[in-house]
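Reviewing the structure listed below.
The values are calculated or read from the model by the stated rules, or taken from the named source; none is laboratory data. These numbers were taken from a predicted model, which means no experiment stands behind them. Here the Cβ positions follow ideal geometry from the backbone for every residue, glycine too, while neighbour counts run over all protein chains shown.
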Amino acid sequence: MNIEIRPLTKGLKEDYLFLFDNMVHKENPDWSKCYCNDYHFLGDVETCTRDTSRSLIINRINKNELQGYLVFENDNPIGWCNANDRLNYQRLLRDYDLIDNPDDKVCSVVCFLIHPDYRRQGISQKILEKVITDYSNTDYDYIESYPRKGKSSASNFKGPIELYKRNGFKMHKEYDDYYVMRKTLK
């Protein structure tokens, strides 16, 4: 398999939308309305529609607020990872107890979306390696992730804890239903 991982830009907006417009969410049909907008959105997610999320995410891409990585095979989008400055995730900051030191500069990895035909082929591993490489060359102090406890891989869109352990992340905090995994960059 010949894949390429590219940081999201405005120029890749149509590829991003194509991936989400056509993604099959067999395991979790409600995810089809997210467009990876959920952690940026403080409104009522239960009543948020697919069209609303799509519109909001287009606006976020146009403003360079949405950051992450698209995965391509032969120029066809097959995956996505939402990785961004932790302060850009309004819902994450509101719903999770994350801030120990407000001066820490933290990149958060909140979502992996891989097309069902390409799962279990190491794509999330390759994306995470790209995130680590790219953010290691910045002024960020840490990369954080928030894997769920006891969830099947089909529902663990945040990535399994084993993925993070393999890549040098250490448990920073533990809660009833999730972990905060952290990799030190400096």
For the subset of segment 98-133 comprising residues that are surrounded by 15 or more Cβ atoms within 10 Å (Cβ to Cβ) and small (Gly, Ala, Ser), which member is nearest to Leu66 (Cα to Cα)?
Ser108
When you scan segment 10-30, do you find a residue that is part of a loop (DSSP other than H, G, I, E, B), buried (at least 16 other Cβ atoms within 10 Å of the Cβ) and aromatic (Phe, Trp, Tyr), even just one?
no
Go through (1) over 16 Å from the mean Cα position of the chain (by Cα); (2) at pLDDT 95 or above and name the single condition Thr47 misses.
(2)
Scanning segment 63-93 for residues that are surrounded by 20 or more Cβ atoms within 10 Å (Cβ to Cβ), within 13 Å of Ile127 (Cα to Cα) and not β-branched (Val, Ile, Thr) gives Gly68, Tyr69, Leu70, Gly79, Trp80, Cys81, Asn82, Ala83
Determine whether segment 56-65 contains at least one residue that is of a type outside the set (Val, Ile, Thr) and either at pLDDT below 90 or more than 15 Å from Leu12 (Cα to Cα) (or both).
yes
Any residue in segment 1-25 that's free of Cβ contacts under 8 Å to residues at least 12 places away in the same chain and on the phi < 0 side of the Ramachandran plot: show its pairings with residues that are in a helix (DSSP H, G or I) and not hydroxyl-bearing (Ser, Thr, Tyr) at Cβ separation under 7 Å, as long as the two are six or more apart or on different chains.
His25/Trp31
Taking segment 68-122, which residues are touching a Pro at 6+ places or on another chain (Cβ under 9 Å) and modelled with pLDDT under 95?
His115
Cβ-Cβ distance below 6 Å, separation of 6 or more or different chains: which pairs start in segment 44-62 with a residue that is surrounded by 15 or more Cβ atoms within 10 Å (Cβ to Cβ) and end on one that is hydroxyl-bearing (Ser, Thr, Tyr) and modelled with pLDDT under 90?
Ser53/Tyr35; Arg54/Tyr35; Ile57/Tyr35
Select from segment 134-175 the residues that are among the charged types (D, E, K, R) and modelled with pLDDT under 90 and write down the one among them that is surrounded by the most Cβ atoms within 10 Å (Cβ to Cβ).
Lys158
Tell me, yes or no, whether segment 5-18 has at least one residue that is modelled with pLDDT under 90 and closer than 26 Å to Asp117 by Cβ.
no
